[in-house]
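Trainee: Supplied in structure tokens, the structure appears directly below.
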Amino acid sequence: MRRPELTANLVWVCVPDRAIAQQVRELAKVLPDWKGRVAAHSSGALDHRQLDALRRRGAKTASAHPLMTFVPGVKPSLQGVSFAVEGDATAVRVMRGVIKTLGAEAFPIERRQKPAYHAWGTFASPLLIALLVLSERVAKASGVRPATARRRMLPILRQTLENYGKHGAARAFSGPLIRGDAETVRKHQRVVKQVKGAQDAYHALAQAALRYLPVRNRRELEAALKSGLGPRVPHS
């Protein structure tokens, strides 16, 4: 069987992290000589050294990862999306040009910073979805079905993100914590115990708010949160 030819001067490997090594081995078989070519991958957590097998064959290598979510059936616009880029100077320059052509923007990152960068992206999207799933479960405890809860949450979610984007976290922050309403927090604690996973998430996020955001009656709030760490209610 005839081996496929590879004529491109740029190869951008866009596969899951666990598949990059195998893809690189296949590319090395297809083209033993990579001089004058650029190879990049799109992993957010891994750096350009994943492409060392091609680098040893003459390739200039880089990683270029978009801070964007991709799910089946959805094609998000890349206009204005930020790409974290690191690697060989030549490869980085080429990838910056490609990213600009896509209508996006590139920013430099050091390879040792990539795990933290990827964790940041995970907080911004996948873990946000996890929080919204818990929100649906808490809504169910108040008698609202998940699909209805999702529809009803959209206005407050949109406004929260708009406030955050325009004014930053502190000015987008609202609710009982910024008011110092410890009694309401105690009521929340009693309710979220009934929803699996919600108590731990509520406590962790409230503690983050006390640490990083403006709140009143800090000591009372801390006491209210601590009081909610008693025995869990069995879940059905």
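The values are calculated or read from the model by the stated rules, or taken from the named source; none is laboratory data. Since we're looking at a predicted model, the values are computed, not measured. Counting neighbours? That spans all protein chains shown, and the Cβs are built from the backbone with ideal geometry, glycine included.
Trainee: Taking helices (runs of 4 or more DSSP H) that do not extend beyond segment 128-236, which have at least 1 residues that are among the basic types (Lys, Arg), surrounded by 15 or more Cβ atoms within 10 Å (Cβ to Cβ) and outside the structural domain of MET68 (by TED's automatic domain parsing)? Outline the logic, then answer.
Mentor: On the way: elements: 146-167, 169-172, 176-179, 182-192, 198-212, 218-227.
In segment 128-236, the matching helices (runs of 4 or more DSSP H) lie at 146-167, 182-192.
Trainee: Further question on the same structure: Being in a helix (DSSP H, G or I) and surrounded by 14 or more Cβ atoms within 10 Å (Cβ to Cβ) is the filter here; which residues of segment 103-119 pass it?
Mentor: Let us first name the residues in segment 103-119 that are in a helix (DSSP H, G or I), namely 111-119.
Matches in segment 103-119: GLN113, LYS114, TYR117, HIS118.
Trainee: Do you know which of the residues in segment 73-96 that are outside any loop (DSSP other than H, G, I, E, B) and under 18 Å from the mean Cα position of the chain (by Cα) is farthest from ARG55 (Cα to Cα)?
Mentor: The selected residue is SER82.
Trainee: Still on this structure: More than 24 Å from HIS48 (Cβ to Cβ), among the hydroxyl-bearing types (Ser, Thr, Tyr) and in contact with a helix residue (DSSP H, G or I) (Cβ under 7 Å, 6 or more places away or on another chain): is that true of SER142 in this structure?
Mentor: no
Trainee: Follow-up. State which residue pairs qualify: first residue assigned by TED's automatic domain parsing to the domain that holds PRO32 and inside segment 8-22, second residue in a loop (DSSP other than H, G, I, E, B) and polar (S, T, N, Q) in any location, beta carbons under 6 Å apart, and separation of 6 or more residues or different chains.
Mentor: Within 6 Å, the pairs are CYS14/SER42; ASP17/SER43.
Trainee: Going by the structure shown, is LEU78 touching a Leu at 6+ places or on another chain (Cβ under 7 Å), of a type in the set (A, V, I, L, M) and under 30 Å from ILE129 (Cβ atoms)?
Mentor: Considered against the rule, which asks whether it is touching a Leu at 6+ places or on another chain (Cβ under 7 Å), of a type in the set (A, V, I, L, M) and under 30 Å from ILE129 (Cβ atoms), LEU78 comes out as yes.
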